[in-house]
1. What angle, in degrees between 0 and 90 and rounded to the nearest 10, separates the Cα long axis of helix 169-184 from the longest principal axis of the Cα atoms of the chain?
2. Could you grab the Rg to Rh ratio for the range 8-66? Cα atoms only, Kirkwood for Rh.
3. By how many degrees, between 0 and 90 and to the nearest 10, does the Cα long axis of helix 126-142 differ from the longest principal axis of the chain?
4. Quick check: convex hull of the Cα atoms in the range 110-175, volume per residue, rounded to a whole Å³?
5. Considering only DSSP beta bridges whose two residues both sit in the chain, what percent are antiparallel, to the nearest 5?
6. Could you sort the peptides 72-81, 169-178, 243-252 by per-residue average Cβ neighbour count (10 Å cutoff), highest mean leading?
7. Among 132, 144, 116, which one shows the highest mean-square fluctuation when the chain is modelled as a Gaussian network with alpha-carbon springs under 10 Å?
8. Nearest 10 degrees, 0 to 90: what angle lies between the long axis of helix 4-17 and the longest principal axis of the chain (Cα atoms)?
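Throughout, read-outs are computed from the coordinates displayed, never taken from laboratory work. Since the structure is predicted, the reported quantities are computational estimates derived from the model, not experimental observations. Positions of Cβ are backbone-derived with ideal geometry, glycine not excepted, and every protein chain shown enters the neighbour counts.
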């Protein structure tokens, strides 16, 4: 509980950004109401339909702001999980992240990264390293990984999301490529969800690609539940953190929604 203030700051800072959300309407920086109306009134077709109405502006702002809230909560969760790994496993910022390079044929090399990493060799505390190793072996059994590969696995790399309701094929293909790169580097790829929201067709595709999916459930196993994993492997009760700080989280979210509806 002594870390609550720091952890709350990590997750709330991105959410507060949403208060200032302004729709762009395809024109660079965000627009306020007056700029929106000037833009739409200059377009005869939109003006004929009355689309320059303040109600239309509010609808755009709420729709885009809602998407921004989900996105910013996800960003806050990514940062929070990485910080918890650093605190609980005594990892450095470099040890708790993972990236790799790809070089398309005839193109420039790019660096791609996942949100967090557990490298067994970097965990100096013997008890916690043993816990993480047991979890990694259990994850390997869950994914039916060949025992020969299991013996050389270095750890797990994590993609952290608040939920996964989109069916964005481009995003899915990128994640499948990430999984292949992770296994090539002898890591298990882990999709860590803070909520239980995931499209089952998407989940099946990820499971077929040997992603370990941790869902945002408070019961289950460390190989299928984010909160059980945090409690049993990292020895940090993330669900209890959210529970005891729920009032402040709700208040901040409501303040953002009110600002968007204003």
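1. The angle comes out at about 20 degrees.
2. Working: Rg = 13.8 Å, Rh = 12.5 Å.
With Rh from the inverse mean 1/r over Cα pairs, Rg/Rh is 1.11.
3. 80 degrees
4. Working: hull volume 9.5 nm³, N = 66.
So the per-residue Cα hull volume is 143 Å³.
5. Numbers: 9 of 21 bridges.
Roughly 45 percent of the beta bridges in the chain run antiparallel, per DSSP.
6. Numbers: 72-81: 21.7, 169-178: 14.3, 243-252: 12.4.
Result, highest mean first: 72-81, 169-178, 243-252.
7. Judging by the Gaussian network model, the answer is 144.
8. It is inclined by approximately 40 degrees.
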